[in-house]
Amino acid sequence: MIADERNSDRSTNKPLVLLHGEIRTPPLSIEARKEAGHLLRLLQQGESLGMPCSRPMPLIGPRCHELRINGTNVTWRIFYRIDDDAILVAGVEVKKTQKSPKPLLDTVRERLRRYDRTAEISDEEV
């Protein structure tokens, strides 16, 4: 995928907000970190990603997705949500099973709820 030149202006990029996890080497391999960075940059620029690298995760909530990043010996899951003003990364996990475990989805959902509550409080203070 090639990003549209109109979207290359930094002022149009959505910020990336890490609620949990790190996208760095280690634990990710260099190749996995580069791939994750590339895909997250495309999301920040407004690109829409589809299978096989990203899939919707409606069980977590609206606008929630999972990036699948192949590392050297493992596959990584990066759970994210596309908001109007930011890309929220709610989890970076090693993919150990075919299906996302319910406790993991519950944890990601709770991180997003906490973020939303904090954002509501900040909006009320303004």
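Brief remarks follow.
- From Leu39, Leu49, Leu43, Leu88, residue being in contact with a Leu (Cβ under 9 Å, 6 or more places away or on another chain), part of a strand (DSSP E or B) and either aromatic (Phe, Trp, Tyr) or surrounded by 15 or more Cβ atoms within 10 Å (Cβ to Cβ) (or both): Leu88
- When Pro58, Pro52 are checked against the criterion of being without any contact (Cβ under 8 Å) to a residue 12 or more places away in the chain, of a type outside the set (Lys, Arg) and in contact with a strand residue (DSSP E or B) (Cβ under 9 Å, 6 or more places away or on another chain), Pro58 stands alone in meeting it.
- Some residue of the range 29-36 being among the hydrophobic types (A, V, I, L, M, F, W, C), under 11 Å from the mean Cα position of the chain (by Cα) and in a helix (DSSP H, G or I): yes
- Restricting the range 61-72 to residues that are touching a residue at least 40 places away in the same chain (Cβ under 8 Å) and assigned to a loop (DSSP other than H, G, I, E, B), the residue that is nearest to Val92 (Cα to Cα) is Gly71.
Any read-out appearing in this document is the output of simple, stated calculations on the displayed coordinates, not a laboratory observation. Just so you know, these numbers come straight off a predicted model, no measurement behind them. Methodologically, a virtual Cβ is constructed for each residue, glycine included, from the backbone with ideal geometry; neighbour enumeration extends over all protein chains shown.
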